[in-house]
Amino acid sequence: METQQVCILGATGSIGRSTLDVIAMHPDRFEVYALTAFNNIDTLVRLAWESRAQVVVVPDQVALRRFTTLWPAGRSLPEIRLGQQGLCETAADPAVDTVMAAIVGAACLPSVISAARAGKRILLANKEALVAAGAVFLDAVRSGGAQLLPIDSEHNAIYQCMPAELLGQVAEAPHPAVKKLILTASGGPFRAMPLQQLSSVTPEQACMHPNWVMGKKISVDSATMANKGLEVIEAHWLFSMPVEQISVVIHPQSVVHSMVEYVDGSVLSQMAAPDMRVPIAYGLGFPERIHSGSAHLDLAAQNALEFETPCFERFPALRLAFEALGTSQEACVALNAANEVAVEQFLHGKLNYIDIAQVVEKTIDRVVGESFEPLSTLDAVLALDEHARKLAQQFCLHP
Ligand code: NDP
Ligand code: MG
């Protein structure tokens, strides 16, 4: 068996570190070729040392000097590449077999498209790239001959429950046997909080997810259910399903990770402990199954598995995502960009929790009333993304 050379985009994050955990369990199968970071250069030094990465990517010269200064004596430095260009070059590096796309936000777009064009096996944890640029990204996957494996737990679950002939390829059309995709959502930390208290919740409360430990942005997105909204759009692109055939159900225990309903009435689900190492191991080992390090489910010890319909009044961000997907690609770009800006402002204490969805809605409304060049290239998507971010910044000042 040849060892796979792996590049982890966003190695210092929650998904990046979980990926390194799984890789470390299988030294015969995987080698770390490249790791990337943005702010956490100290962590990158430690991870690159432990994993013996050959290449690292940091954002700029300041980070490069810090990396060089912190690198312990006794072993030569890895090759250090810089910025967005370094990320794109590394994602497409001929030495790389597999790319874990785990940079948060639309910042992942250029490098993940670069990996697609170079025909890599892409383990897609990042969801914002598909939301903002689904068509452009999937075109690159197809023309580059890349293999796309969803890592987001819901999409990984759906992938595992899909008809077997779809495995290993990107769906071109809805599968005629599939009636509906059912995404599960935990409901986050505010599922049962009285609505009037939502206006005073803090970033710390919003980041206290009941079942998962994740990065801050996705934790806030889980509280607002913007995360599930992004996942609805992600599912639309990954499985070529129209918005009418995608639904969301709240399942507070996070044991059933999502479901596929077939035309005959069968519903298939994938279940596992809420541990991202399970979908990560699935992607790394595909088509084989490998150990993930996760605890195994004890269904008898599990009390009840509950399911309930999400309330749009409590979770307006979810409604906005369904509406944006039904409206246009421009609306989806605006939704994603405005949400990133608003969450950042909320995390910095500059925006009220309930105003996050307000800012997103106002930005979408403004963008769909304007006209833009068709979103058929990455540059066009990035230009609209930037425009929507500026609008959202303004709306954050007067939500
Ligand atoms: P984290 O915030 O924990 O990590 C984000 C990573 O991206 C870090 O390595 C960070 O570097 C890097 N990064 C941040 N901004 C930039 C930038 N502008 N350019 C380059 N690199 C950057 O996020 P998560 O690991 O939680 O999530 C990563 C992605 O995976 C997200 O898109 C999320 O939606 C998705 N996902 C995450 C899940 C989870 O359980 N965490 C589950 C399903 C999907 P540094 O730390 O050095 O600043
Ligand atoms: Mg998810």
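For Val232, indicate whether it is out of contact with any Ser or Thr (no Cβ under 6 Å at 6 or more places or on another chain), outside any loop (DSSP other than H, G, I, E, B), away from ligand 1 (no atom under 16 Å from the Cβ) and open to solvent by less than 10 Å² (accessible area, probe 1.4 Å).
No.
I need the full set of residues from the stretch 94-140 which are in a helix (DSSP H, G or I) and either in the same structural domain as Pro279 (by TED's automatic domain parsing) or within 14 Å of ligand 2 (Cβ to nearest atom) (or both), in order please. Show your work before the answer.
Of all residues in the stretch 94-140, those in a helix (DSSP H, G or I) come to 106-117, 128-140.
Answer for the stretch 94-140, where residues must be in a helix (DSSP H, G or I) and either in the same structural domain as Pro279 (by TED's automatic domain parsing) or within 14 Å of ligand 2 (Cβ to nearest atom) (or both): Glu128, Leu130, Val131.
Listed here are the residues, each with its yes/no results for (1) surrounded by 20 or more Cβ atoms within 10 Å (Cβ to Cβ); (2) within 27 Å of Ala281 (Cβ to Cβ); (3) of a type in the set (Gly, Ala, Ser); (4) away from ligand 1 (no atom under 16 Å from the Cβ).
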{"site": "Thr68", "(1), (2), (3), (4)": "no, no, no, yes"}
{"site": "Arg75", "(1), (2), (3), (4)": "no, no, no, yes"}
{"site": "Glu79", "(1), (2), (3), (4)": "no, no, no, yes"}
{"site": "Gln85", "(1), (2), (3), (4)": "no, no, no, no"}
{"site": "Ala91", "(1), (2), (3), (4)": "yes, yes, yes, no"}
{"site": "Met100", "(1), (2), (3), (4)": "yes, yes, no, no"}
{"site": "Ser111", "(1), (2), (3), (4)": "yes, yes, yes, no"}
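Among the residues of the stretch 190-233, count how many are within 16 Å of ligand 2 (Cβ to nearest atom) and of a type in the set (Phe, Trp, Tyr).
Number satisfying all stated conditions: 1.
All but one of (1) at pLDDT 95 or above; (2) open to solvent by 40 Å² or more (accessible area, probe 1.4 Å) hold for Asp298; which doesn't?
(1)
Could you check the stretch 1-68 for strands (runs of 3 or more DSSP E) lying wholly inside it with 2 or more residues that are over 20 Å from Val278 (Cα atoms), free of Cβ contacts under 8 Å to residues at least 40 places away in the same chain and under 24 Å from the mean Cα position of the chain (by Cα)?
On the way: elements: 4-9, 30-36, 55-58.
Qualifying strands (runs of 3 or more DSSP E): 55-58.
Out of Gly283, Gly265, I need the residue that is more than 16 Å from ligand 1 (Cβ to nearest atom), more than 18 Å from Val131 (Cβ to Cβ) and not assigned by TED's automatic domain parsing to the domain that holds Val104. Which one? Step through it out loud before you land on a result.
Numbers: Gly283 fails: more than 16 Å from ligand 1 (Cβ to nearest atom).
Only one candidate passes the filter, namely Gly265.
Go through the stretch 181-209 and report how many residues are over 19 Å from the mean Cα position of the chain (by Cα) and within 20 Å of Cys311 (Cβ to Cβ).
14
Given the criterion open to solvent by less than 30 Å² (accessible area, probe 1.4 Å) and either at pLDDT below 95 or within 18 Å of Thr224 (Cβ to Cβ) (or both), identify the matching residue among Ala380, Ala388.
None of the others qualify; the one that does is Ala388.
Could we say that Pro242 is away from ligand 2 (no atom under 12 Å from the Cβ), at pLDDT 95 or above and open to solvent by 30 Å² or more (accessible area, probe 1.4 Å) here?
Yes; evaluated as a whole, the condition is true for this residue.
Do we have Val260 as within 12 Å of ligand 2 (Cβ to nearest atom), in a strand (DSSP E or B), in contact (Cβ under 8 Å) with a residue 60 or more places away in the chain and surrounded by 24 or more Cβ atoms within 10 Å (Cβ to Cβ) here?
So Val260 fails the test.
Just to be sure I understand the filter: pairs with C-beta atoms under 6 Å, separated by 6 or more residues or on different chains, first member in the stretch 141-167 and under 19 Å from Met100 (Cβ atoms), second member among the basic types (Lys, Arg) and within 14 Å of ligand 2 (Cβ to nearest atom). Which pairs pass?
Pairs that qualify, where the first residue is under 19 Å from Met100 (Cβ atoms) and the partner is among the basic types (Lys, Arg) and within 14 Å of ligand 2 (Cβ to nearest atom), are Asp152/Lys127.
Which one is farthest from ligand 1 (Cβ to nearest atom), of the residues in the stretch 115-136 that are more than 23 Å from Ile23 (Cα to Cα) and surrounded by 24 or more Cβ atoms within 10 Å (Cβ to Cβ)?
So the residue we want is Ala133.
The values are calculated or read from the model by the stated rules, or taken from the named source; none is laboratory data. These numbers come from a predicted model, not from an experiment. Cβ atoms come from the backbone with ideal geometry, glycine included; neighbour counts cover every protein chain shown. SASA here: full protein model, heavy atoms, side chains in, ligands and nucleic acids out. Shrake-Rupley method; radii C 1.70, N 1.55, O 1.52, S 1.80 Å.
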